[in-house]
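Student: Please find one structure pasted underneath; my questions will follow.
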Amino acid sequence: MSDLFEDDSPKGTSNAPEFTVSELSGAVKAMIEGEFGYVRVRAEVGRVSRPRSGHLYFDLKDEKSVINAVSWKGQVARMEVQPEEGMEVIATGRMTTFPGGSRYQIIVDNVEPAGAGALMAMLEKRKKALAAEGLFDAARKKPLPWLPEVIGVVTSPSGAVIRDILHRLSDRFPRHVLIWPVAVQGQKCAEEVANGIRGFNALPVGGEIPRPDLIIVARGGGSVEDLWGFNEEIVVRAAAASEIPLISAVGHETDTTLIDFASDKRAPTPTAAAELAVPVRRELWVTVQELRARMERALSGGVELRKQRLRDLSRALPPKERLLDGPRQRVDQMDLRLTQALINGVRNRRLALSEAATVLRPAMLQGRMRAQGDRLTALSTRLAPALTRGTGQHRRDLDRLAARLSPATISRNTALARRDLTQLSDRFARAAQGQTHRWRAALDQRTGMLSALSYEETLKRGYAVVRDAEGGVVTSSKDAGRMHEVQFADGRVRIGGGVAAPSKSSKPRAEKDKPEQGSLF
């Protein structure tokens with residue numbers, strides 16, 4: 001009977017099917033994606049990584065387990081709330097596996113805060129971080145202009161907020177208003193509001209579009225999620241960096257956002273922001289009229305007081321006839337003295353003229369003319385010999401200069417200069433040749449040192465360099481999935497088959513081809 005049940009199959013074999021690693025990984029992937037095609041996970045955000053590719057890698061964890069999560073670049077751009085470490089969220093996506101690492105992960109499409117408590121915790125954390133940078137300091141806040149000529153409003157152009165602001169400004173004190181239309185809710189809210197604040201600050205003074213003297217950032221009331229765009233860091237930094245004074249009027253009186261702390265003034269409502277921006281024109285007119293009346297009363301009282309003082313002083317003065325008696329007598333005395341002085345002056349000048357006329361006789365004048373003529377004749381006789389002597393002296397000087405400029409002298413000087421130039425040229429040539437030899441020796445020495453320190457010499461001792469598909473060096477085990485080829489001393493080997501041509505260059509490579517520190521193994 002034992003022969004009937006004897007197993008004829010070879011020992012060590014089994015009827016269980018055999019799978020390749022890829023087949024088994026594909027089966028697991030299909031099962032997980034089929035069972036968990038759409039999931040919502042409530043968890044705490046752990047480690048967050050944002051590589052240059054734009055994708056987002058983070059962990060979802062609770063007190064016992066951790067799931068790897070990834071959001072691709074397009075999904076990250078559509079998220080209204082970006083996950084941050086320590087934040088409690090509800091992640092929506094699908095489960096899948098990563099065969100290259102034998103692990104499962106969740107592809108997250110959207111992230112929502114797990115209730116208002118999570119939002120407020122994240123808001124408080126961000127508030128403390130920005131306050132530590134000094135963005136909320138009172139010393140940074142600028143005073144508001146008393147009566148701005150141009151007011152810039154950053155808000156939605158289709159909401160009731162802008163109509164309330166314009167209506168309130170028209171009632172109090174009409175001003176020139178510029179509107180920067182933005183989305184006040186949703187994913188684009190933060191970026192557009194920040195661009196609006198920066199755009200008003202970038203307008204040139206005296207340009208075609210007037211630069212505002214005051215900016216109002218306004219929005220109506222709403223939930224914490226609706227107002228979340230005004231809590232973003234980009235908006236807070238734009239408000240703190242604004243050179244133009246800024247009023248934040250976001251939400252109702254009980255609503256508080258981070259832009260309220262960074263702005264120069266917070267208004268409880270958009271209508272209150274308009275009231276803070278400009279005074280009431282009628283009240284100003286009444287005040288001006290009251291000041292005008294006070295000024296008129298003060299001027300009238302001052303004039304009347306001075307009139308009274310003038311009348312009091314005039315009573316103490318003597319009559320005007322008595323005041324003019326002394327000056328009139330002095331004028332008469334001066335008139336008499338002036339007349340006598342003129343008569344005496346004319347007499348003295350006539351006498352002086354008569355004395356001068358007696359001296360100027362014709363005989364005396366003719367004698368002086370004869371003396372000057374004799375002097376001129378003597379000078380003319382001396383002029384011709386002096387010219388002759390001067391000309392002879394200049395001719396002798398010219399002859400001496402001509403003798404110095406003879407061809408023989410010039411040839412002799414030229415020969416001496418040529419000899420000196422030849423000697424200098426020989427010295428320069430010898431010096432240049434010696435310097436060239438010294439530089440060549442130093443270059444050969446440094447070339448030998450560079451060749452000895454080159455990483456290619458290290459490769460000859462049994463090390464290798466791992467590169468990715470772009471030629472970059474793989475330096476960490478985390479990047480092992482990007483390995484493309486391995487470089488040895490005598491050539492390169494591509495991972496997955498194929499041998500690259502061996503490297504023939506013995507010279508040092510360019511800086512970009514050198515491996516980074518720690519890339520040899």
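Student: So, in the range 77-95, exactly how many residues are part of a loop (DSSP other than H, G, I, E, B) and in contact with a helix residue (DSSP H, G or I) (Cβ under 8 Å, 6 or more places away or on another chain)?
Tutor: From the range 77-95, those part of a loop (DSSP other than H, G, I, E, B) are 79-87; that's our starting set.
If we keep only those that are in contact with a helix residue (DSSP H, G or I) (Cβ under 8 Å, 6 or more places away or on another chain) as well, we get 80-82, 84, 86-87.
Total satisfying the criteria: 6.
Student: What single numbered condition from (1) over 19 Å from Ala267 (Cβ atoms); (2) exposed (fewer than 12 other Cβ atoms within 10 Å of the Cβ) fails to hold for Val108?
Tutor: Among (1) over 19 Å from Ala267 (Cβ atoms); (2) exposed (fewer than 12 other Cβ atoms within 10 Å of the Cβ), the lone unmet condition for Val108 is (2).
Student: Which one of the conditions (1) out of contact with any helix residue (DSSP H, G or I) (no Cβ under 7 Å at 6 or more places or on another chain); (2) at pLDDT below 90; (3) of a type outside the set (A, V, I, L, M); (4) closer than 21 Å to Ser248 by Cα does Arg126 fail to meet, given that it meets all the rest?
Tutor: For Arg126, the exception is condition (1).
Student: May I pose another question? Output the residues belonging to the range 467-520 that are within 21 Å of Gly101 (Cβ to Cβ), surrounded by 10 or more Cβ atoms within 10 Å (Cβ to Cβ) and modelled with pLDDT under 70.
Tutor: Those that are within 21 Å of Gly101 (Cβ to Cβ), surrounded by 10 or more Cβ atoms within 10 Å (Cβ to Cβ) and modelled with pLDDT under 70: none in the range 467-520.
Student: Starting from residues that are among the hydrophobic types (A, V, I, L, M, F, W, C) and open to solvent by 50 Å² or more (accessible area, probe 1.4 Å), keep the ones in the range 122-143 and report whichever is farthest from Asn231 (Cα to Cα).
Tutor: Selected residue: Ala139.
Student: Of all the residues that make up the range 450-466, how many are loosely packed, with under 10 Cβ neighbours inside 10 Å and in a helix (DSSP H, G or I)?
Tutor: Qualifying residue count for the region: 1.
Student: Which of the numbered conditions does Gly100 fail, given that it passes all the others? Conditions: (1) assigned to a loop (DSSP other than H, G, I, E, B); (2) surrounded by 10 or more Cβ atoms within 10 Å (Cβ to Cβ).
Tutor: Here Gly100 meets the rest and fails (2).
Student: Given the conditions (1) open to solvent by 70 Å² or more (accessible area, probe 1.4 Å); (2) touching a helix residue (DSSP H, G or I) at 6+ places or on another chain (Cβ under 9 Å); (3) not hydrophobic (A, V, I, L, M, F, W, C), and given that Lys307 satisfies all but one, which numbered condition is not satisfied?
Tutor: (2)
Student: Shifting gears a bit: Any idea which of (1) of a type outside the set (Asp, Glu); (2) outside any helix (DSSP H, G or I); (3) within 25 Å of the chain's Cα centre (by Cα); (4) over 14 Å from Val154 (Cα atoms) is the one Arg237 doesn't satisfy?
Tutor: Going through (1) of a type outside the set (Asp, Glu); (2) outside any helix (DSSP H, G or I); (3) within 25 Å of the chain's Cα centre (by Cα); (4) over 14 Å from Val154 (Cα atoms) one by one, Arg237 breaks only (2).
Student: Turning to a different aspect of this structure: Could you list, in sequence order, all residues of the range 239-261 that are open to solvent by less than 10 Å² (accessible area, probe 1.4 Å) and on the phi < 0 side of the Ramachandran plot?
Tutor: Ala239, Ser242, Ile244, Leu246, Ile247, Ser248, Ala249, Val250, Thr257, Leu258, Ile259
Student: Then there's this: What about Gly74, is it assigned to a loop (DSSP other than H, G, I, E, B), without any contact (Cβ under 8 Å) to a residue 24 or more places away in the chain and small (Gly, Ala, Ser)?
Tutor: no
Student: Mind counting the residues in the range 11-27 that are touching a residue at least 40 places away in the same chain (Cβ under 8 Å) and either in contact with a strand residue (DSSP E or B) (Cβ under 6 Å, 6 or more places away or on another chain) or surrounded by fewer than 12 Cβ atoms within 10 Å (Cβ to Cβ) (or both)?
Tutor: Residues of the range 11-27 that are touching a residue at least 40 places away in the same chain (Cβ under 8 Å), as a first pass: 22, 25-26.
Subsequent filtering for residues that are either in contact with a strand residue (DSSP E or B) (Cβ under 6 Å, 6 or more places away or on another chain) or surrounded by fewer than 12 Cβ atoms within 10 Å (Cβ to Cβ) (or both) retains 22.
Result for the range 11-27: 1.
Student: Right, here's the next one. Within the range 182-197, work out how many residues are crowded, with 17+ Cβ neighbours inside 10 Å and in contact with an Asp or Glu (Cβ under 6 Å, 6 or more places away or on another chain).
Tutor: Residues flagged as crowded, with 17+ Cβ neighbours inside 10 Å and in contact with an Asp or Glu (Cβ under 6 Å, 6 or more places away or on another chain) within the range 182-197 amount to 3.
Student: On to the next question. For the range 269-284, indicate whether the set of residues that are modelled with pLDDT of 85 or more, open to solvent by less than 100 Å² (accessible area, probe 1.4 Å), part of a helix (DSSP H, G or I) and over 30 Å from Pro143 (Cβ atoms) is non-empty.
Tutor: The answer is no, given that none of the residues of the range 269-284 is modelled with pLDDT of 85 or more, open to solvent by less than 100 Å² (accessible area, probe 1.4 Å), part of a helix (DSSP H, G or I) and over 30 Å from Pro143 (Cβ atoms).
Student: Leu323 is checked against (1) open to solvent by 80 Å² or more (accessible area, probe 1.4 Å); (2) outside any helix (DSSP H, G or I) and fails just one. What number does that condition carry?
Tutor: (2)
Student: Just give me the residues in the range 182-204 being modelled with pLDDT of 90 or more, under 26 Å from the mean Cα position of the chain (by Cα) and not in a helix (DSSP H, G or I), in sequence order.
Tutor: Residues satisfying the conditions are Val182, Leu203, Pro204.
Student: Would you mention how many residues in the range 349-365 are open to solvent by 100 Å² or more (accessible area, probe 1.4 Å) and part of a helix (DSSP H, G or I)?
Tutor: The number of residues fulfilling the criteria is 5.
Student: For the range 146-181, name all the residues that are open to solvent by 40 Å² or more (accessible area, probe 1.4 Å) and part of a loop (DSSP other than H, G, I, E, B).
Tutor: Hits for the range 146-181 are Trp146, Leu147, Glu149, Pro157, Ser158, Pro174, Arg175.
Student: With the requirement that a residue be in a strand (DSSP E or B), over 16 Å from Pro113 (Cα atoms) and not aromatic (Phe, Trp, Tyr), what does the range 49-68 give you?
Tutor: Answer for the range 49-68, where residues must be in a strand (DSSP E or B), over 16 Å from Pro113 (Cα atoms) and not aromatic (Phe, Trp, Tyr): Ser49, Leu56, Val66, Ile67, Asn68.
Student: While we're here: Output the residues belonging to the range 198-218 that are touching a Leu at 6+ places or on another chain (Cβ under 7 Å) and open to solvent by less than 30 Å² (accessible area, probe 1.4 Å).
Tutor: Result: Pro212, Leu214, Ile215, Val217.
The values are calculated or read from the model by the stated rules, or taken from the named source; none is laboratory data. Here the structure is a predicted model, which means the values were calculated and not measured. Cβ atoms come from the backbone with ideal geometry, glycine included; neighbour counts cover every protein chain shown. Only protein heavy atoms, including side chains, enter the accessible area calculation; ligands, DNA and RNA are left aside. Shrake-Rupley method; radii C 1.70, N 1.55, O 1.52, S 1.80 Å.
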